[in-house]
Structure formats: structure tokens, C-alpha cells
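Undergrad: Mind having a look at this structure? Questions to follow.
The values are calculated or read from the model by the stated rules, or taken from the named source; none is laboratory data. These numbers were taken from a predicted model, which means no experiment stands behind them. Heads up, the Cβs are rebuilt from the backbone with ideal geometry, glycines too, and the neighbour counts pull from every protein chain shown.
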């Protein structure tokens, strides 16, 4: 068999495989649409499921991000809250797909599709396989690094697509419920939660108490529940990559801490248990790895330990 004939046969096999894949995907989509029409969402039940999830402290803690723009702060629902909205709204297909890789970059698609109303939001974006650090640009060759880069860039587009589908009043109520959870559903004293927040900023982003106090304009001892919520939103913004430490905090504010709030929290944790109490086992703290820019990598485990 000649080389030309072999090439023709391979092309024919590729076309058949492509047609079979496209046909299978089309049937899956038709099945999803059929099931969505057969079992339409109950808007009131969907809204109640969303609000019930917003009462969970772990979600409320990561639900809102903040970042500076034009001398003011902009806040909005994080990708974690957007995922909960989509999961509980029902009959909604969403995700991120990598379409192709070529010339050192990935072409990806983020989408959200309401199967009931046939309303669809999608965004095509390009992700160069390059990581920019303080020491310069580094080309990515490890498939895992490329996957994480595409996923991190796609998360913001996916959030925008989901929020373009879910009604705005539902989103606003979810954010309000998360803020209400943060401000009123905690049994531990505000002092302890602020101490944990200081430790989280120091360990994961190298931000000191003096930098935080300079940002807010007053001593940590005068912080209120509202200030704690603002701290959580700033932390989420840093974790999601929406902003950098330099956008929020002054590098020059590195003097020794004067309040001693974090130290007092540490001392309380070191006290010996009373008679009859079970002594908790102490685990070695894991070292926080940082990139060349000196910032901790954003992972799902980087939660601000307030609860």
C-alpha cells in the first residue's frame, strides 16, 4: 500500500472518529435538555437551598473577594460562591474546557448554560504557558503546571459566566446571607477570631499586624465585626489572585507589633489542660511554600482560620 493511500485511510478513520464523538456529545446534550424540561427547577426551593448553604461558616468565609480599583475597594462573589449558586440553582451546565494547545499557549473555553431557558454564557480565552515572577518570566513545560495555570485563569471567566446566568437578586441575597453568617454565627469571641486572622495573614502572605493596622487606620483592639469581614474579603482576594499584597498593604509598616493580640492567642493555646480535660495532640505545622514573588500559592486549603 502506497504512502498516499495510508494517509488517506488514516484521515478517513479520523473523520469517522470525530463524527462519532460529535454525535455522542449531541445525544448527551439532547438528553440533558429533555431532563431539564421534564423536571423544571422550583425557583423558591433553589433559592432556599442557596441560602441554606450560605449559612455554613466555611463557605461564608470564602464567599466574597475584594480588590482595589481607582482608590476604592470593589467586592463581589468569589468562584466558590458562584459554584454553590450553580450547583443549587439546578438544570445548569457549567465548566472549563481546554480546546487546544499550540505555539506555547492554551486555548480554553469557560461556559455556563441554563438548560431550561437555553440561555448560555461563554468566554474563549488564551493562556500563555509562562509564569511571570519578580525574577522574570519562566516558561512552563510540566503538564501539571500548565493545567493549573489554565484552571486558575479559567476560574475568573467561569465565575463571570455563572453570574451572567443566575438572577442578580439571588446573588445579592446569597452575599448578604454569607456576611450575616460571618458576623453573627460565630460562638468564639471576636478577639480570638482576629488573632487567627493575624496569624493567617502572617503565615500565608507575610503581612504583619502593623501593616493591617496602617491599612485600616486604627489599632487592632478597636476592630469590629465589620472590620473582620473586610479582612476575610481581602484574604480571599489574595488567595484567588484578584490582587497582590502590595495593592493593600504598605511594605514600610514592618515595625514590631504593639498590641500583642496574636501573641496572647498563642499563649492561650499553650496552656496546660485542666484536670479531667483531654489534651489535644499537637501536629507539626506545615511549611508554607511561596513562589518567587514572595506570596503563598492560592489553593483550596488556604482558608483563613476564623472558626
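Undergrad: From the list 210, 169, 227, pick out the single residue that is over 30 Å from residue 101 (Cβ atoms), modelled with pLDDT of 90 or more and either in a strand (DSSP E or B) or outside the structural domain of residue 119 (by TED's automatic domain parsing) (or both).
TA: 210
Undergrad: Could you list, in sequence order, the residues of segment 183-207 that are crowded, with 16+ Cβ neighbours inside 10 Å and modelled with pLDDT under 85?
TA: Selection gives 186, 192, 193.
Undergrad: Restricting attention to segment 1-57, report how many residues are at pLDDT 85 or above and assigned to a loop (DSSP other than H, G, I, E, B).
TA: 6
Undergrad: Consider segment 167-200. How many of its residues are without any contact (Cβ under 8 Å) to a residue 60 or more places away in the chain and more than 28 Å from residue 85 (Cα to Cα)?
TA: 2
Undergrad: Let me ask you something else. I'd like the full set of residues that are touching a helix residue (DSSP H, G or I) at 6+ places or on another chain (Cβ under 8 Å) and assigned to a strand (DSSP E or B), limited to segment 90-112. Outline the logic, then answer.
TA: In the first step, residues of segment 90-112 are kept if they are touching a helix residue (DSSP H, G or I) at 6+ places or on another chain (Cβ under 8 Å); the result is 90-96, 98, 101, 106, 108, 110-112.
Within segment 90-112, 92, 93, 94, 95, 96, 98, 101, 106, 108, 110, 111, 112 qualify.
Undergrad: Is there a residue being at pLDDT 85 or above, outside any helix (DSSP H, G or I), in contact with a helix residue (DSSP H, G or I) (Cβ under 7 Å, 6 or more places away or on another chain) and not assigned by TED's automatic domain parsing to the domain that holds residue 237 anywhere in segment 79-89?
TA: Within segment 79-89, none of the residues are at pLDDT 85 or above, outside any helix (DSSP H, G or I), in contact with a helix residue (DSSP H, G or I) (Cβ under 7 Å, 6 or more places away or on another chain) and not assigned by TED's automatic domain parsing to the domain that holds residue 237.
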